[in-house]
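Structure, as structure tokens:
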Amino acid sequence: MPKVTMNINGRARSTEVENRTLLSTALREKLHLTGTHIGCDTSQCGACVVHVNGKAVKSCAVFAVELDGATIDTIEGQAAPDGSLNVIQQAFKDHHGLQCGFCTPGMVMSAAALLKDNPKPNEAEIRDYLEGNICRCTGYQGIVNAIMAASGQAVPAIAAE
Amino acid sequence: MPDGGIGAPTKRREDTRFLTGRGKYTDDFTPQNTSYCAFARSQVANGKIKSIDTSAAAAMPGVLAIFTGEDFVEVGGNPAGWAIVSRDGEPMKEPKRPVLAHGKVRHVGDAYAAVIADTLEEAMDAVEAIEADIEELDAVVDMASAVANSGTLVHDEIGTNTCFDWGWIEDNRAATDEAIKKAPHVTTLELINNRLVPNALEPRCSIGEYDPGTGDYKLTTTSQNPHLSRLLISAFVLGIPENKLTVLAPDVGGGFGSKIYHYGEEALVLAAAKKLGRPVKWTATRTEAFLSDAHGRDHVTKIELACEKDGTFIAFRTETMANVGAYLSNFSTATPTFLHGTLMAGNYTVPNVYVNVKAVFTNTAPVDAYRGAGRPEATYSLERVIDKCARELGMDPVEIRRKNFIKKDQYPYASAAGLEYDSGNYDALMDGLEKTADFAGFEARRAESAKQGKLRGLGINAYIEACGIAPSNLVGILGARVGLYDAATVRVNPTGNISVMVGAHSHGQGHETAFPQIVADMLGVDPETIDIVHGDTSKIPFGMGTYGSRSLAVCGSAVFRATEKIIVKATAIAAHMLEDEPDNIDFSDGVFSIAGTNKSVGFGDVALKAYIPHEYPIEGLEPGLEETAFYDPANFTYPSGAYASEVEVDPETGKVTICSMVALDDFGVVVNPMIVTGQVEGGLAQGIGQALLENSVYDDNGQLLSGSLMDYAMPRADDLPSFVVDHSHATRCNHNPIGSKGCGEAGAIGSPPTIVNAVVDALARGGHDVDHIDMPVSPSRVWAAMNK
């Protein structure tokens with residue numbers, strides 16, 4: 001089997017993969033990075049979004065064997081080494097941007113990519129960008145609010161009661 | 001009260017692990033030496049299995065074992081949890097649901113063989129090499145044809161495609177018929193409650209393990225109710241003694257009903273693990289989820305509303321065909337009956353209600369409870385026919401509802417559909433809705449839309465649901481084969497922190513944050529010192545799990561009762577420590593004290609005394625501080641709400657855009673308003689998905705046309721508006737100790753009729769003679785209705 005070496009979350013990691021092994025499978029099964037989730041088989045749900053060379057990619061839509069030498073960032077590398085959440089993660093927690101947590105890794109990685117390209121997106125831009133990430137739990141409102149907050153914009157107070 | 005007690009919008013503690021990729025879902029577990037399972041699934045909807053040749057597959061690399069239906073002939077079937085009796089007194093038809101199809105395949109995706117191999121790829125490759133000779137038969141897809149019994153049967157042995165023909169309440173039938181016959185006005189509406197696929201984002205996954213040294217089995221699985229799954233596997237399917245089977249439901253990525261049920265794949269991996277002496281893992285693909293998860297809804301209904309000329313309701317009568325699919329899933333017979341027919345009086349003082357439901361077998365995936373489970377179907381039928389009636393009578397839709405609302409001083413109210421509502425205030429909700437949704441400003445907004453060439457409509461809805469299922473004695477009389485209590489153990493540890501073991505299961509609902517708020521509130525301790533244990537049958541008491549918006553109302557009440565017992569015992573210990581009688585001890589803010597003195601002792605010191613019982617009245621008081629409560633509710637709870645939505649219809653394309661969605665709900669006492677708001681928002685998205693986007697469609701041959709996320713329209717962020725959610729108009733639940741009613745399903749119940757009412761309103765105001773459009777209200781359907 002071919003061997004690939006990738007820089008994953010700042011560390012060089014090598015693994016052997018079949019030609020048909022998807023990046024999502026390689027991350028989960030070979031490298032035990034199970035934070036990247038697989039929610040579908042048609043590259044629709046976005047639970048598996050990671051960054052490949054700085055760009056948001058659905059890791060179920062790329063073969064691992066193609067990525068020798070690539071830089072991969074996954075959800076496991078987003079918090080600080082001491083475990084404290086980054087700005088986006090904290091905003092998701094503060095604004096109830098997750099429920100079951102299954103879509104969350106992909107959402108956080110997509111949000112990071114969005115804010116890199118567009119540091120102050122408006123609501124419509126956020127909703128448009130997240131078209132490739134499905135969440136069945138939240139109705140997206142908490143997610144949109146979290147991304148607004150993470151980009152330093154005002155959001156309505158939660159649960160005004 | 002400590003910070004973070006009942007009513008605090010505490011941030012969720014579970015979020016940290018989910019946000020950092022440290023959640024542990026079933027597929028994240030791979031025990032040492034795991035083997036992998038893949039299923040051979042039917043490609044035809046109805047077929048006779050003539051032969052299955054596994055010899056070539058068995059010779060493939062890595063293949064360890066192959067199972068077919070023949071291997072499970074001796075074991076039991078997966079049962080229906082609720083026995084329904086037809087109007088003629090006949091019990092419902094209950095064909096066996098085997099672990100793997102045997103003799104016949106009955107829907108596309110019906111599993112007839114399973115391969116276990118060293119790797120998943122090897123298992124999948126070997127599935128392709130199984131040679132199955134399956135003779136395709138005509139498929140039963142359409143319910144009307146199925147009931148007409150054209151000679152094509154889903155289950156030959158029962159001689160019919162009708163599972164049951166149920167009437168509710170049979171004693172009211174004649175009076176309802178008579179009232180409708182004599183009524184000054186009758187509005188009739190035929191409608192379809194569209195079939196949905198739950199699509200929890202985590203596909204089902206099961207890992208079976210067997211320890212030959214002890215004879216112990218372990219099933220790690222995507223379940224909303226691990227004890228119920230264990231009971232079904234032990235008592236009905238495989239016969240593994242309950243004490244030899246642990247069921248673990250770790251982090252679960254959403255359920256919405258679809259993970260309540262026991263599925264054959266769970267039994268298969270356990271049986272295979274025993275045979276191979278190795279862990280066996282199966283993870284569904286999304287395609288398998290579409291084909292084999294229990295679907296939801298799928299009712300075809302005719303509803304009649306009889307009323308006076310002034311809009312006073314006289315009777316509701318419905319005839320419904322409910323699809324149960326090819327096999328009876330565990331709650332499939334309860335959902336269209338007692339979770340649906342009993343709600344058919346809605347929020348109204350209508351004197352006559354009669355409901356007829358025919359449950360129909362078809363060659364489609366099983367249909368069972370999906371978020372709301374029967375109550376969305378009831379609400380949709382009622383609230384659509386009421387809107388149509390108002391239009392026919394020239395009445396305002398708010399006015400006709402208010403005229404018939406049960407008034408706040410009428411509780412407890414015995415509804416004509418057999419329930420006793422304990423509390424509510426529907427007028428207050430409607431008052432709030434009129435303000436929050438700014439009905440007064442609608443005309444101006446409509447004019448503005450018109451300038452843009454858009455038709456704007458306003459839709460409203462009032463709903464009631466029955467949650468917190470359920471009183472065991474009552475549901476036993478009605479046919480339930482289980483009790484519907486829940487259970488909690490509160491264990492105060494020697495150092496004063498607390499572990500709470502609960503029967504409910506959290507898969508998005510935030511129990512790990514909300515349940516400690518109850519205990520903290522009662523004990524006056526920091527909620528951070530309290531942890532919830534759930535999802536492991538070897539650790540938790542026998543509770544019934546999470547569905548039907550029951551976790552807080554039922555399991556939360558068990559937590560409350562167990563904590564009360566803790567206080568009683570801790571008070572007795574404190575009394576001893578303070579050298580007084582328990583009756584003289586006050587307990588507040590975590591401190592036991594004697595009024596009028598400076599004598600006091602803290603909760604932590606009492607806990608320590610319980611576990612280090614020196615100088616302790618050991619003759620009359622056991623050491624330790626741990627209590628269990630089983631809570632069986634006295635009644636259902638009755639959340640209610642009033643919703644409004646404004647939509648714009650593009651007359652050129654028929655596209656519907658939601659401009660606003662306002663949800664006012666009465667959930668009783670709210671423990672964590674942030675979580676409750678999130679539950680409503682998620683429900684709204686699913687309801688709007690049903691109203692505008694989602695549809696599970698089979699063709700005449702029983703092929704699932706909407707079998708992937710590219711064909712089945714899940715709501716995405718850009719399909720939805722921002723929501724306005726308000727749960728401040730609360731009336732307390734009168735029969736559980738917390739006063740909560742349940743919030744998990746409300747949004748999915750209240751929103752579909754709101755949206756469809758708004759679309760029909762927009763078309764009517766635009767001069768189109770359209771009185772109904774079936775969901776999903778897609779552009780093509782709207783355009784066709786406008787241009788008929």
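The values are calculated or read from the model by the stated rules, or taken from the named source; none is laboratory data. In this text, all values refer to a predicted model and were calculated from it rather than measured experimentally. Cβ sites come from the backbone with ideal geometry, for glycine too, and all protein chains shown count toward neighbours. Note: areas computed on protein heavy atoms with side chains; ligands, DNA, RNA excluded. Shrake-Rupley method; radii C 1.70, N 1.55, O 1.52, S 1.80 Å.
Take each residue in A:36-47, count the other chain C-beta atoms within 10 Å of its C-beta, and the mean is 6.
For region A:87-150, report the % of Cα-Cα distances exceeding 15 Å. Here the tail beyond 15 Å accounts for 39 percent of pairs. In terms of packing, defined here as the mean over residues of other Cβ atoms within 10 angstrom, the peptides B:234-242, B:219-227 line up highest first as B:219-227, B:234-242. Comparing region A:3-77 with the 2.2 N^0.38 Å rule of thumb, its C-alpha radius of gyration ratio is 0.95 (two decimals). Take each residue of peptide A:139-149, count the partner chain Cβ atoms within 10 Å of its Cβ, and average: the result is 5. Quick check: net charge around B:ARG456, other residues with Cβ under 9 Å of its Cβ, Lys/Arg +1 and Asp/Glu -1? Every neighbour counted, the sum reads 0. Per the Kirkwood formula on distinct C-alpha pairs, the Rh of region B:485-631 is how many angstrom? It works out to 15.6 Å. In region B:637-707, the portion of solvent-accessible area held by carbon and sulfur atoms comes to 48 percent [1.4 Å probe, whole percent, DNA, RNA and ligands not counted].
Report the FRET efficiency, 1/(1 + (r/R0)^6), for B:THR628 and B:GLN32, where r is their Cβ-Cβ distance and R0 is 35 Å, rounded to 0.05.
On the way: r = 35 Å, r/R0 = 1.00.
FRET efficiency, B:THR628 to B:GLN32: 0.50.
Ordered from highest to lowest accessible area with the whole protein assembly present and a 1.4 Å probe, B:LEU720, B:LEU552 read as B:LEU552, B:LEU720. Ordering of B:486-499, B:570-583 by packing is B:486-499, B:570-583, highest average first (other Cβ atoms within 10 Å, averaged per residue).
The three principal axes of the C-alpha atoms in chain B carry coordinate ranges of 87, 73, 53 Å, sorted with the longest axis first. Just so you know, the Rg over Rh for region B:425-489 is 1.35, from Cα atoms, with Rh as the Kirkwood radius. A crude spin-label estimate for the pair B:TYR411 and A:ASP82, with each label 7 Å from Cα along the Cβ direction, gives 5.0 nm. When only alpha carbons are used to place a centre, region B:293-338 and region B:457-494 end up 20 Å from one another.
Taking each residue as 0.36 nm, the span from B:SER728 to B:GLU448 lengthens on full extension beyond its C-alpha to C-alpha distance by 97.7 nm. If you model region B:638-788 as an ellipsoid using its alpha carbon gyration tensor, with each semi-axis the square root of five times an eigenvalue, the axes come out at 31, 19, 13 Å, biggest first. Each residue of region B:447-455 was assigned a 3J(HN,Hα) from its phi angle through the Karplus curve 6.51 cos²θ - 1.76 cosθ + 1.60 (θ = phi - 60°); the sequence is 5, 5, 4, 4, 4, 8, x, 10, 8 Hz, with glycine and proline shown as x. Label point of A:GLU131 set 7 angstrom out along Cα-Cβ; within region A:81-114, amide nitrogens under 17 Å from it belong to A:110-111, A:114.
Between B:ARG781 and B:ASP438, the distance separating the two model label sites (each 7 Å from Cα on the Cα→Cβ line) works out to 3.0 nm.
Using R0 = 22 Å, the C-beta based FRET efficiency linking B:SER588 and B:ASN497 works out to 0.65. If R0 is 22 Å, the Cβ-Cβ spacing of B:LYS182 and B:GLU399 corresponds to a FRET efficiency of close to 0.35.
Each Lys or Arg adds one and each Asp or Glu subtracts one; over the other residues with Cβ under 12 Å from the Cβ of B:ALA83, this totals 0. For the pair B and A, the buried accessible area comes to roughly 4600 Å² in total, with a 1.4 Å probe and the value rounded to the nearest 100.
Surface exposure of region A:3-77, expressed per residue as accessible area with a 1.4 Å probe, stands at 41 Å². Taking 7 Å steps out from each Cα toward its Cβ at A:ASN7 and B:THR160 produces label points 7.1 nm apart.
Over all projection directions, the Cα-based convex hull of the protein assembly as shown averages an area of 40.7 nm². Within the accessible area of region A:87-150, the carbon and sulfur atoms contribute 51%, probe 1.4 Å, all protein chains present. Each residue of region A:91-106 was assigned a 3J(HN,Hα) from its phi angle through the Karplus expression (A = 6.51, B = -1.76, C = 1.60, θ = phi - 60°), giving 5, 4, 5, 5, 10, 6, x, 7, 10, 6, x, 6, 7, 4, x, x Hz with x at Gly and Pro. Peptides A:42-52, A:123-133, B:151-161 ranked from most to least packed give A:42-52, A:123-133, B:151-161, packing being the mean of other C-beta atoms within 10 angstrom over each peptide's residues. Counting only other chain Cβ atoms within 10 Å of each residue's Cβ, the peptide B:671-677 averages 4. The 3J(HN,Hα) values that the Karplus relation (6.51, -1.76, 1.60; θ = phi - 60°) gives for region B:425-438 are, in residue order, 7, 5, 5, 5, 4, 5, 4, x, 5, 4, 6, 5, 8, 6 Hz. Gly and Pro appear as x. With K and R counted +1 and D and E -1, the other residues having a Cβ less than 10 Å from that of A:GLN90 yield a net charge of 0.
Here the mean projected area of the convex hull built on the C-alpha positions of chain A is 9.6 nm².
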